[in-house]
Amino acid sequence: MDTSDNIEETNDPVLDTSPTMPDENQDNFLSEVEENKEKFSSKNSYKVLARKYRPQNFEDLMGQEIMVQTLKNAFKTNRIAHAYILTGVRGIGKTTTARLLARSLNYETETINEPNIDMPELGKHCLEIMESRHIDVIEMDAASRTGIADIREIIDSVNYSPSSARYKIYIIDEVHMLSKAAFNGLLKTLEEPPTHVKFIFATTEVQKIPLTILSRCQRFDLKRFDHDMIKLLISKVCEKEMVSIEDPIIDLIAKVSGGSARDSLSLLDQAMALSNDGNISEEKFRQMLGLSDQSRIIDLYEFISNTEIEKALLEVKDQVDIGIDPVNLIESLGDLIHELTRLKVTDSNDDNLSLGPEGFIRIKSLKDKISVKHLSRYWQMILKSSSEIKNFSKPLAALEMAIIRMSYISDLPTPDEIIKKIEENKTESSEKKSPNSEVHSTIKIAPTASEKPVQQEKIIEENREIDPKSFEDIIELVRLNKNIRLQYDLENNVSLVSFEKGKIELNILNNDEKILITLSNKLQEWTNEKWVIVSSSALGQKTIKEIKDADKFELQSSIKEHPIYKKAIMEFDTVNITSIEEVPKLSLVSNENNDKNDTVEDK
């Protein structure tokens, strides 16, 4: 039966096979999308300088000649270790070196098919390894994968042969972040890995790695970049990037980067972005880093040293207002103090602060106006203030207090200067002295009751069987025999009533009769003679302690009448006598005006 007539016509667009009408705007729209995509891709294809100028072979590694030479000799003699550990500061090239080492281990070309440090051309696996996408070179970040489970993955996979390369290489960055269990789990595999497996570790804190791990690896300490190396690196990059940069800015970058190649290139990248015309000015660069202008730091130092506190505080406020961090400001002032001190004690003419000719002439003139002792005092105050500024909630307030302290202390004389001044005036005052006043100019300390010459002490020590002839001799004998308790009681708790050979009469002030028995037994032991120690209620002499206190009070009273003490009071607000001791001279400072008859000073 023909059913064609019963088929109804449908308007379903899905079943409609008629051609679509062309849209004139469709091609333009699609092409515009592709064009915008290409523009967006080109804008975002910029590589930062630190990645763009990564070393591509071992010859490009700057400052690591010892490591390169060691590896080169090891590869030539086929003494290739199964594990390496690379240490050094941030941005020194540890990860880059690890990839270079992985590339050299798997280096393969049409003519070379063995591990090779010299890589004149890209090998079969080089590009993929340097781009960190090779299937046989596994990079792991230990900072994010610290547990034993992550290490088990490595342990389980080491037995499988590499897919295409010569060696299967595991690069573990920041390896010190691994847990204790992870380190322990790695020990056996790290000690005896399969012949086709190599390990390369990188870390900034090698002291945190267990010794059991370190002993299984060849360790290479990557050298920190010095000032000249960073200058050379930046100059090469600027030449390739066609950027003009001044030497003071290069010096600043080298100083701020702290020996890190990556940090120096990152700072250069930021400086290039700051400048539109390709010329980078030092002033803008300092503002970008929040660093102080060195000429203004010299101005601040002069205000402090001249006690111009208002000007110093105004200078600090102005610099903080333009964005200078208080910590950077106090550190810049510390750098200036260090440079002044270094120039003061050496004959060097190096401009380590990059001050320029005018600034360097200024600090060379300043070093002649201040002593090393004053500079050392400033340095100690800056070290203390730097910690205060970092820890205080209001850094500007802490910085201003530090500046005020430094300003007030700048005009105070040092102790040696005070002593010299006093000694210079001694001669004049000694000419006006009368014979009756001689006792006031020369203070001598008489030995107290328990003090004896050194020679007598030696005699007693050599011959303990002595014949005490006074109560003071008894106390000295007790002291030499190191009976501290008995010595304390005899000096503080007894009063001597009478003394004769073999018999001592004492008034026991603390009613402790054991003192008499102990003293009697000890004297018989030390002198081989019997001593009778009797207790008495009669009023005896002063105790040894009372005698010492009276002598000390009398001596202090004499010192307070001495011209030296009166001069010290004039120089300082508060003067206290804390101790008195006999010394050969008034001070350590050699002075021809010193009175040779003076043998005692107060401290």
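Computed packing ranks the peptides 231-244, 332-345, 69-82 as 332-345, 231-244, 69-82, most packed first, by mean other Cβ atoms within 10 Å. Between Leu127 and Lys552, the simple label model (points 7 Å from Cα in the Cβ direction) yields a spacing of 8.9 nm.
When the stretch 290-410 is described by a simple charge dipole with +1 on each Lys and Arg Cβ and -1 on each Asp and Glu Cβ, the residue from Ser371, Ser386, Gln319 located farthest towards its positive end is Ser371. If you plug the beta carbon distance of Glu529 and Asn492 into 1/(1 + (r/R0)^6) with R0 = 30 Å, you get a FRET efficiency near 0.70. Spatially, the stretch 314-379 and the stretch 209-247 are offset by 29 Å when compared through their Cα centroids. Applying the criteria of a DSSP loop state and at most 16 other Cβ atoms within 10 Å to the GluC sites (Glu not before Pro) of the stretch 512-579 yields Glu513, Glu529, Glu561. Remark: spin-label model distance Asn184-Lys501 equals 8.0 nm, labels positioned 7 Å along the Cα→Cβ axis. Taking label points 7 Å from Cα along the Cα-to-Cβ direction, Lys560 and Glu513 give a separation of 4.5 nm.
Which value in Å does the Kirkwood hydrodynamic radius of the stretch 454-547 take, with 1/r averaged over all unlike C-alpha pairs and then inverted?
13.4
With contacts defined as alpha carbon pairs under 8 Å and 6 or more residues apart, what's the relative contact order of the stretch 454-547 in percent?
29
Report relative contact order for the stretch 51-221 in percent, whole number only (criteria: Cα-Cα under 8 Å, sequence separation at least 6).
So the answer I get is 30 percent.
Estimated at 0.36 nm per residue, the fully extended path between Ser244 and Thr346 surpasses their Cα-Cα distance by 33.2 nm. Applying both filters, DSSP loop and at most 16 other Cβ atoms within 10 Å, to the chymotrypsin sites (Phe, Trp or Tyr not before Pro) of the stretch 320-422 gives Phe392. Counting beta carbons within 10 Å around each of Thr578, Thr518 and listing the fewest first gives the order Thr578, Thr518. Once the Cα-Cα distance is subtracted from the 0.36 nm per residue extended length, the Glu192 to Asp299 segment shows a gain of 32.1 nm. In this structure, the residue pairs whose Cα-Cα separation is over 27 Å, taken from Lys76/Lys223; Lys231/Lys373; Lys72/Lys124; Lys94/Lys208; Lys94/Lys394, are Lys231/Lys373; Lys94/Lys394. Each residue of the stretch 80-85 was assigned a 3J(HN,Hα) from its phi angle through the Karplus expression (A = 6.51, B = -1.76, C = 1.60, θ = phi - 60°), giving 8, 6, 8, 8, 10, 10 Hz with x at Gly and Pro.
In debye, nearest 20: dipole of the stretch 227-288 around its Cα centre with unit charges on the Cβ of K, R (+) and D, E (-)? Roughly 200 debye, rounded to the nearest 20.
Rounded to the nearest 20, the Cβ-based charge dipole of the stretch 454-547 about its Cα centre (Lys and Arg +1, Asp and Glu -1) stands at 140 debye. Within the stretch 150-213, the GluC sites (Glu not before Pro) that combine a DSSP coil assignment with at most 15 other C-beta atoms in a 10 angstrom radius are Glu205. Note: relative contact order over the stretch 227-288, using C-alpha pairs below 8 Å and six or more positions apart, is 39 percent.
Every number in this text was worked out from the coordinates using simple rules, so none of it is lab data. Computed from a prediction, not measured in an experiment: that's the story for all the values here. Counting neighbours? That spans all protein chains shown, and the Cβs are built from the backbone with ideal geometry, glycine included.
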